[in-house]
Amino acid sequence: MQVEFREFNPFDVWLWLELEQPPQEMEKQYLETLFDSWFFLGKLGGFNAENLQVQETGLELSYLTYDLEQSQGSFMALMHNASDLEYQDNWARAWFDLGTSDAIALDVLINALQQLSAEYVPIVRLIVGGENEDWPIPDREEDDFDADSRAQGLYN
């Protein structure tokens, strides 16, 4: 799976998936479950690079002392909104307001999509941001924070 980044605004980003073929219903379920799970983790603050205590500890995790004060003292990293996944031919897309979530969110998504592509839904490429000339994005307001004008079927 090829990964391509285009213009990127974390408060207004489209994610595009080019699939090998138009997805079947089971493939759509896999994709939608992955994106829903990723979004809900982000909505709950799961992608906070300021608090990676376990990762930063290294390989020896036995008897790790987790510092709750450190985790509560970090800046909130929350995703705000998302649209439903849409399909057109061999393309899928979704809009996100990544809010203050950190870039680690995109790494986690890319890792999950690579595995999904290898095992269940062959994905040719993921495009992060920008527009897709094969499938124009809906007209929207210029205000970057007016999420309702950007996406239909938002998760709230």
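Using helices alone, what [θ] at 222 nm do you get for the chain, with -39,500 (n - 2.57) per DSSP H run of 4 or more residues, divided over all residues and rounded to the nearest 500?
One gets -9000 deg cm²/dmol as the mean residue ellipticity at 222 nm.
Comparing ASP102, ASP84, ASP134, which has the greatest mean-square fluctuation in the GNM of the chain with Cα pairs linked when under 10 Å apart?
Result: ASP134 has the largest fluctuation of those listed.
Relative contact order of the chain, please, whole-number percent, based on alpha carbon pairs below 8 angstrom and at least 6 residues apart.
43
Working from the alpha-carbon coordinates of the range 67-112, get Rg over Rh, Rh being the Kirkwood radius.
With Rh from the inverse mean 1/r over Cα pairs, Rg/Rh is 1.14.
Angle, helix 104-119 long axis vs. longest principal axis of the chain, Cα atoms, 0 to 90°, nearest 10?
Relative to the chain, helix 104-119 is tipped by roughly 60 degrees.
Could you derive backbone 3J(HN,Hα) for the range 75-83 from the dihedral phi with the Karplus parameters 6.51, -1.76 and 1.60 (θ = phi - 60°), listing whole Hz in sequence and x where the residue is Gly or Pro?
Going residue by residue, I get 4, 4, 10, 10, 6, 9, 8, 7, 9 Hz, with x marking Gly and Pro.
Any idea what the relative contact order of the range 46-127 is, in percent, if you count C-alpha pairs under 8 Å spaced at least 6 apart?
Averaging sequence separation for qualifying contacts and normalising by length gives 29 percent for the range 46-127.
Only one of the values (1) 40, 40, 29; (2) 46, 42, 34; (3) 51, 39, 25 was calculated from this structure for Cα extents along the principal axes in Å; name its label.
Computing Cα extents along the principal axes in Å and matching it to (1) 40, 40, 29; (2) 46, 42, 34; (3) 51, 39, 25 gives (3).
Among THR65, THR57, rank each residue by its count of other Cβ atoms within 10 Å, from fewest to most, as a rough exposure measure.
By the 10 Å Cβ count, ascending, the order reads THR65, THR57.
Based on other C-beta atoms within 10 Å, arrange PHE47, PHE96, PHE40 from fewest to most.
PHE40, PHE47, PHE96
Using the Cα centre as the reference, give the magnitude of the dipole from point charges on the C-beta atoms of the chain (Lys, Arg: +1; Asp, Glu: -1; all else neutral), rounded to the nearest 20 debye.
Dipole of the chain, to the nearest 20 debye: 400 debye.
Return the distance in nm (one decimal) between the two label points of a simple spin-label model at GLU60 and GLN114, each offset 7 Å from Cα along Cα→Cβ.
For the pair GLU60/GLN114, the computed spacing is 2.9 nm.
Sorted from fewest to most neighbouring beta carbons within 10 Å, what does the list TRP91, TRP16 look like?
Placing the least packed residue first, the sequence is TRP91, TRP16.
What is the gain in length, in nm to one decimal, between SER74 and VAL3 on full extension, counting 0.36 nm per residue of separation less the C-alpha to C-alpha distance?
Gain on stretching SER74 to VAL3: 22.6 nm.
Cα axis of helix 25-43 to longest principal axis of the chain: angle in degrees, 0 to 90, nearest 10?
That works out to roughly 40 degrees.
So for the chain, taking the charge dipole from beta-carbon charges (+1 Lys/Arg, -1 Asp/Glu), which of PHE5, ASN90, TYR63 sits furthest toward the positive end?
So the residue we want is TYR63.
Read the figures in this text as sums done on the coordinates, not as results from a lab. The shown structure was predicted, so the numbers you read here are calculated from the model rather than taken from an experiment. Cβ atoms come from the backbone with ideal geometry, glycine included; neighbour counts cover every protein chain shown.
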